[in-house]
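As structure tokens, the structure follows; a few thoughts come after it.
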Amino acid sequence: MKSFIRTGAIASLFALASPNLLAQELPKPTPLQMEWQDLETIAFIHFSINTYTDMEWGYGNESPAIFNPTNLDCRQWVRTCKEAGLKGVILTAKHHDGFCLWPSKYTEHSVKNSPWKNGQGDLVKEFSDACKEYGLKMGLYLSPWDCNHPDYGKPEYNDYFCGQLEELLTNYGDVFEIWFDGANGGRGYYGTDSLHTRNISENYYDWDRISKIVKNLQPNCILHGGAIADIRWVGNEEGYAGEEHWSPLRTYDKFDEKLSAQAQFNKGHQDGSRWMPSETDVSIRPGWYYHASEDHKLKSLSKLIDIYYESVGRNSLLLLNIPPNKEGLVHPEDSVRLVEWRKQYEKELADNLINKKSVVTVNGSKKKLHKMLDSDMGTYVTMPAQSEILIDFKKPTVFNRLLLTENIRNGQRVKQFEVEIFNNGQWSSLDKQTTIGYKRILRFPETTAEKIRIKIGDSFGNPEISSVEVFNAPIILNAPTVRRNKEGIVRISNGSPYVDIRYTTDGSTPTVTNSILYKEPFAFNNIGTIKTIAVSGNTVSEITSREFPHTKEQWEIVGYPNANKSVFDENIHSAWIAPRDVKEVVVDLAGEKQISKLKWTPDQARWSQGIITQYEVYVTNDPENWGEPVLKGEFGNIENNPIEQELIFSTPAKGRFVKLKALKTVGNQRTIGVSELDFEFVK
Ligand code: FUL
């Protein structure tokens with residue numbers, strides 16, 4: 001009830017605040033903002049001293065001596081970006097720790113005091129040369145927060161910052177975007193002998209001066225961040241813009257006090273007075289910097305495809321981060337994934353189903369629609385405020401994507417639209433949405449229609465639609481995963497909301513006709529096999545076959561009943577972290593078993609806790625008397641790759657209780673983390 005009242009109140013406030021702007025009064029992009037938006041996908045490169053300390057935010061007291069890439073190749077980075085279809089690249093020339101990737105004359109804290117190229121190197125120069133060679137636009141990130149500089153927090157720091165900015169904008173050719181990050185954790189080394197905090201006031205940085213420098217030295221450079229930005233952050237670092245997404249934004253004094261700034265960045269403002277398109281920044285891995293321990297957490301192809309649709313496909317621009325490793329190279333798996341990603345989304349949107357045989361009308365007229373049906377987003381059809389675009393395929397046609405674009409040069413106009421389909425002699429509603437903007441791509445499960453009708457219900461003035469395209473995208477159908485928790489509740493998913501999941505529980509092969517449609521988690525406490533497929537139209541995924549040779553219902557973590565739900569839920573994202581100084585876990589299997597294998601998944605959190613490196617395993621029927629360990633050893637490379645570990649017992653061990661004991665943990669942590677525990681038994 002509470003939330004209902006809140007939503008109601010916000011809705012009416014919004015209605016009050018929303019003026020009836022005429023189309024000609026709408027904020028519009030500058031030619032520079034338009035050119036930027038047309039890039040659609042660009043790359044971020046985070047590479048610096050943090051790559052060598054394995055940190056995300058350095059302290060500023062790191063020695064330049066640790067910056068020593070052995071095989072640095074900016075050409076490899078930029079080539080990879082080009083192959084991935086990314087049109088520009090932004091490099092962290094200086095991150096919050098203050099270390100400069102170019103030999104700035106204003107500080108000693110830079111590559112010039114590193115062993116890399118005996119201090120003679122200039123990484124920004126190599127990077128800009130590579131961008132020129134491959135024809136990609138070059139952008140730079142210069143962090144205002146500087147944990148190293150002695151003047152940070154004092155007014156003088158502005159001179160230092162502006163001096164560095166001038167160096168970057170003068171010596172390396174054209175810069176298409178400059179990134180000023182807003183982060184400030186306060187702490188820093190500041191050239192003194194300890195880390196301490198320096199607070200800065202809200203108006204600490206001299207944004208007017210900064211803006212003048214940029215506009216003067218690089219008039220074609222887009223500004224991100226600070227009080228002078230040309231574009232806005234999308235409000236999260238996970239890679240999605242709001243479904244309703246306005247490029248206009250209110251001035252900060254007119255932000256809705258009841259909503260977080262992030263939420264407002266994520267959606268924009270229908271009545272915003274300035275054109276501030278959003279940029280969706282997200283990393284291909286959990287971190288912005290490279291950490292070997294995240295090699296197994298590279299985003300999946302389907303996740304990256306979702307990110308594409310939820311950024312570019314929602315009127316935003318995607319800024320995708322790729323972190324080179326200690327050697328100074330993009331990891332081979334990251335490069336392969338990036339190229340697969342580009343190929344996949346291009347394939348999904350390659351064959352427009354609207355062709356010469358289709359009849360397209362706007363409000364019943366076929367006249368002069370080529371400007372909406374050609375592939376040129378710069379030409380458009382102007383139509384009345386409430387209009388119907390009808391696509392008649394003249395035969396039942398299967399589709400799963402609809403792409404719409406507006407001529408945003410004259411402002412973002414469409415406020416509300418509905419997609420309807422005509423099939424078997426009937427019209428029905430497929431989707432109701434709000435904004436279109438630069439580009440809107442809607443995804444649906446495979447749908448059959450003879451006709452599609454797009455009803456624009458509300459807009460500022462006359463909508464100007466520059467493209468309408470329909471696709472039957474050859475999607476990637478991941479085979480589903482099956483998880484069962486301790487209570488025997490089974491969850492099946494393939495990660496996509498646009499497919500049907502079907503399954504059998506009797507071991508038979510699932511087909512569309514013989515199997516059960518998965519709607520919600522269900523109970524299956526037996527010993528047996530679940531087989532499942534994902535289905536979208538005529539496309540069927542590979543079969544996942546999941547055998548359940550035992551149930552975990554009776555198993556217990558001895559002494560810590562609260563641990564059971566995390567350790568036996570088959571969800572690697574929930575873990576039990578033992579209390580301080582407890583470095584073992586004991587499982588009661590509720591009866592004697594002959595154990596042939598133990599499987600332990602460490603804590604999978606971003607900064608995982610209690611990773612065991614050296615272990616012992618004990619098995620007994622009498623927990624008062626454990627005897628000698630049945631297994632003893634070390635988990636190889638676990639710090640860098642903390643995935644499920646399997647311990648195979650060369651001779652099966654008999655007993656009801658099993659103890660996994662840590663002799664050593666990563667960083668000598670005084671705990672152990674258990675995401676999952678499982679066993680195999682001799683039958
Ligand atoms: C954040 C920074 O604090 C991160 O380290 C990273 O640079 C990201 C792109 O922006 O706010």
- hull vol. (C-alpha, convex hull) per residue for the chain, Å³ -> 191
- In terms of modelled amide H atoms, which long-range or inter-chain residues lie less than 5 Å from the amide H of residue 436? 414
- Note on the structure: Whole-Hz Karplus couplings 3J(HN,Hα) for the range 35-44, θ = phi - 60° and coefficients 6.51, -1.76, 1.60, Gly and Pro as x, run 4, 5, 4, 5, 5, 6, 10, 9, 10, 10
- Surface share of carbon and sulfur [accessible, 1.4 angstrom probe, percent] for the range 556-681: 44
- Task: Could you pull out every residue, at least 5 positions away or on a different chain, whose amide H is within less than 5 Å of the one on residue 649? Hs are placed 1.01 Å off N in the peptide plane, and Pro or chain starts have none.
- Result: 597, 598
- Item | Whole-Hz couplings from phi, Karplus 6.51/-1.76/1.60, listed for the range 233-241; x for Gly and Pro | 6, 7, x, 8, 10, 9, x, 9, 9
- Query: Mind checking the alpha-carbon convex hull of the range 203-352 and giving the volume per residue in Å³?
  - Reply: 173
- Dimensions (Å) - the range 359-471, Cα atoms, principal axes, largest first: 39, 26, 22
- For the range 481-548, report the translational diffusion coefficient in µm²/s to the nearest whole number, using Stokes-Einstein at 4 °C, 1.567 mPa s, and a Kirkwood Rh over Cα pairs. 108
- Could you list, in their original order, any pairs among 299/395; 87/366; 583/654; 394/439 whose Cα atoms are separated by more than 29 Å? 299/395; 87/366
- Query: Can you give me the pair-distance distribution of the range 163-215, C-alpha pairs, 5 Å bins, whole percents?
  - Reply: 4, 13, 21, 18, 17, 15, 9, 2
- Task: Determine the sum of side-chain charges near residue 26: Lys and Arg each +1, Asp and Glu each -1, restricted to other residues whose C-beta is under 12 angstrom from that of residue 26.
- Result: +1
- Here the averaged projected area of the range 556-681, based on the convex hull of its alpha-carbon atoms and given in nm², is 7.1
- Relative contact order as a percentage, the range 481-548, C-alpha pairs under 8 Å and 6+ apart, gives 32
- Query: Taking all protein chains as present, what is the carbon and sulfur share of the accessible area of the range 359-471, in % to the nearest whole number, probe 1.4 Å?
  - Reply: 45
- Run the quick spin-label model on residue 192 and residue 631: label points 7 Å from Cα toward the beta carbon, then report their separation in nm to one decimal. 5.2
- Message: Quick check on the range 31-96: what are the equivalent-ellipsoid semi-axes from the Cα gyration tensor, as sqrt(5λ), descending, whole Å?
- Response: 28, 16, 8
- Item | At most 13 other Cβ within 10 Å, DSSP loop - trypsin sites (Lys or Arg not before Pro), the range 553-619 | 580, 606
- Query: Roughly what % antiparallel, to the nearest 5, for the DSSP beta bridges in the chain?
  - Reply: 80
- Query: Stretched out fully, how many nm does the piece from residue 34 to residue 594 gain, at 0.36 nm a residue minus the Cα gap?
  - Reply: 194.8 nm
- Whole-number accessible area per residue in Å² for the chain, which is evaluated in the context of all protein chains at 1.4 Å: 44
- Message: Can you give me the long-range amide H partners of residue 387? Hydrogens built in the peptide plane at 1.01 Å from N, cutoff under 5 Å, separation of 5 or more residues or another chain.
- Response: 456
- Message: Give me a comma-separated list of calculated 3J(HN,Hα) values for the range 63-79, in order, Karplus coefficients 6.51, -1.76, 1.60 applied at θ = phi - 60°, integers in Hz, x for any Gly or Pro.
- Response: 7, x, 4, 8, 7, 8, x, 8, 9, 3, 9, 4, 5, 5, 4, 5, 4
- Relative contact order (%) - the chain, alpha-carbon pairs under 8 angstrom, separation at least six: 10
- Message: Using 0.36 nm times the number of residues separating residue 361 and residue 260, minus their current alpha carbon distance, what extension gain do you get?
- Response: 32.1 nm
- Item | Fraction of beta bridges assigned by DSSP in the range 212-338 that are antiparallel (%, nearest 5) | 20
- At R0 = 51 Å, FRET efficiency that the Cβ-Cβ distance of residue 154 and residue 565 yields, to 0.05: 0.45
- Cβ-derived FRET efficiency at R0 30 Å, residue 170 paired with residue 75, nearest 0.05: 0.80
- Student exercise, the chain dipole from Lys, Arg, Asp, Glu Cβ charges, in Debye to nearest 20: 1700
- Query: Given 37 °C and 0.692 mPa s, how large is the Stokes-Einstein diffusion coefficient of the range 394-553 in µm²/s, with Rh as the Kirkwood radius over Cα pairs?
  - Reply: 179
- For the pair residue 622 and residue 582, what calculated FRET efficiency results from E = 1/(1 + (r/R0)^6), where r is the Cβ-Cβ distance and R0 = 25 Å, to the nearest 0.05? 0.75
- Message: Quick check: Cα centre of the range 182-215 to Cα centre of the range 427-495, how many Å?
- Response: 44
- Using Cα centres only, tell me the gap between the range 90-123 and the range 256-302 in whole Å. 28
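The values are calculated or read from the model by the stated rules, or taken from the named source; none is laboratory data. Keep in mind that this is a model prediction, so the values were computed, not measured. Counting neighbours? That spans all protein chains shown, and the Cβs are built from the backbone with ideal geometry, glycine included. Keep in mind that these areas ignore ligands, DNA and RNA; they rest on the heavy atoms of the full protein, side chains included. Shrake-Rupley method; radii C 1.70, N 1.55, O 1.52, S 1.80 Å.
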